[in-house]
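Colleague: Supplied in structure tokens, the structure appears directly below.
The values are calculated or read from the model by the stated rules, or taken from the named source; none is laboratory data. Given the structure is predicted, the values throughout are model-derived calculations rather than measurements. So basically every Cβ, Gly included, is an ideal-geometry build from the backbone, and we count neighbours across all protein chains shown. When the accessible area is computed, the model is the full protein with side chains, heavy atoms only, and any ligands, DNA or RNA have been set aside. Shrake-Rupley method; radii C 1.70, N 1.55, O 1.52, S 1.80 Å.
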Amino acid sequence: MPESAQPHPHTDRTRPVVRAMQVGQYVIGAVLIALGMIRAVGSASSPWPAVLAGTALVAWLFSGLIVANISTQSRATKIWFVVGCVVWLGAVVVSPDFVWLGFLMWLLCGHLLPLGPALITALGILTVIITAPLMHYGTTSVANIVGPAVGGVFAFGISRGYLELLREAERREATLEALERARAETENLQEELALSQRRSGELAERERIARDIHDTVAQSLSSMQLFAHAAAGTTEDPDNKRGFEQLATLASEGLTDVRRIIAELSPAELDDGALAEALNRMLQRLSSQTGIEYALEVDSTLPTLAPTTEVTLLRAAQSILANVRTHALSLIHI
């Protein structure tokens, strides 16, 4: 039968039982229509009204498949059900044997309608079933009242249980989907954090090496340059003076190379803007998952932060964006 509301996109894994119940409703409807048509044709002086009524019921019943494929909106299924009630009422006017289809109508009203309207409709169906013998035969019996009442309660209870099964399946699938999203988000955050910590370690190591080179090799070359210049200024021997000047030049060139290496090892020069790039990657991932638009502005005049400070800020941003993503996704599924 057509659904009363659009199903959750991930309920396919819970559909075998639900699909079996839907097929069962079509089978029940076809059997009850066939039973009513056979009895009506056998007891009527002219079989054609009963045949037409049964054919109309069959056409209405299986038009539910078309309605379900064209539209999953609850309004379309409610209209389909109302049309079925009208067709069934006309069939009951033709022959009281079509009251058997009331069992299916109880199933449908309990599934397709909200509880209040469903109860009212169920009472209306019971009224039609009870009054049908009076309309055709002028009399009825206790069995014709108690039997349909018990059957109506049973059918209505089954239909409400079926509806609750669908809702529970949707809730369970929504919970599983939320858990999967949380797991994927945790993996992304862990990966980003590991990358940040690895980069922080690399920057710290480069800074240590640069500092060690500056404090040892660079200082030694600087001292050699000063001593060579001083020695060249105190000697009168041209060969010695030329040798000290060459030594000072070599020390100066070595010092220039060392300073270049220190500059290349400096975190501020090598990884300038790394925090902004990491934030931009996280914002891009958030936008792709939730559709939220974002804009990242970085003040180029701000000083470069220490690696530990950048990691701390990145962790804070990850926590904030995780909360934003959680609330955004919850609003999407409301």
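Colleague: As an exercise, identify the GluC sites (Glu not before Pro) in segment 166-252 lying in DSSP coil whose Cβ has no more than 13 other Cβ atoms within 10 Å. Write out the running numbers ahead of the final one.
Modeller: Working: sites: 168, 170, 173, 177, 180, 185, 187, 191, 192, 202, 205, 207, 236, 245; in loops: 236.
Filter output for segment 166-252: 236.
Colleague: For 241, 78, give the ranking by accessible area with the largest first, probe 1.4 Å. Don't skip to the end; give the middle numbers.
Modeller: Details: 241 90, 78 60 Å².
From most exposed to least exposed: 241, 78.
Colleague: So, one more: Determine the order of 130, 261, 66 by accessible area, beginning with the largest, at a probe radius of 1.4 Å.
Modeller: Values: 130 40, 261 70, 66 100 Å².
Reading off the accessible areas and sorting them downward yields 66, 261, 130.
Colleague: By accessible area of protein heavy atoms, probe 1.4 Å, what ranking do 214, 111, 136, 229 get, highest first? Display every interim value, and only then the final one.
Modeller: On the way: 214 85, 111 0, 136 65, 229 110 Å².
Highest to lowest solvent-accessible surface, that is 229, 214, 136, 111.
Colleague: Not counting ligands, DNA or RNA, and with a 1.4 Å probe, what is residue 175's accessible surface area in Å² rounded to the nearest 10?
Modeller: Around 80 Å² of this residue is reachable by solvent.
Colleague: Follow-up. With a 1.4 Å probe and all protein chains kept in place, how much accessible area does residue 39 have, in Å² rounded to the nearest 10?
Modeller: 120 Å²
Colleague: Then there's this: Could you tell me the center-to-center distance, by alpha carbons, between segment 73-113 and segment 176-238 in angstrom?
Modeller: Cα centroid of segment 73-113 versus Cα centroid of segment 176-238: 79 Å apart.
Colleague: Over the residues of segment 90-220, compute the C-alpha Rg and express it relative to 2.2 N^0.38 Å. Can you show the working numbers first?
Modeller: Working: Rg = 35.9 Å, N = 131, 2.2 N^0.38 = 14.0 Å.
Scaled against compact globular proteins, the figure is 2.56.
Colleague: If you don't mind, another one. Rg to Rh for segment 156-223: what is it, with Cα atoms only and Rh by Kirkwood? All intermediate terms of the calculation are to be shown ahead of the outcome.
Modeller: Details: Rg = 28.9 Å, Rh = 17.2 Å.
Ratio of gyration radius to Kirkwood radius for segment 156-223: 1.69.
Colleague: In square angstrom, rounded to the nearest 10, how much accessible surface does residue 216 have for a 1.4 Å probe?
Modeller: Looks like 80 Å² after rounding.
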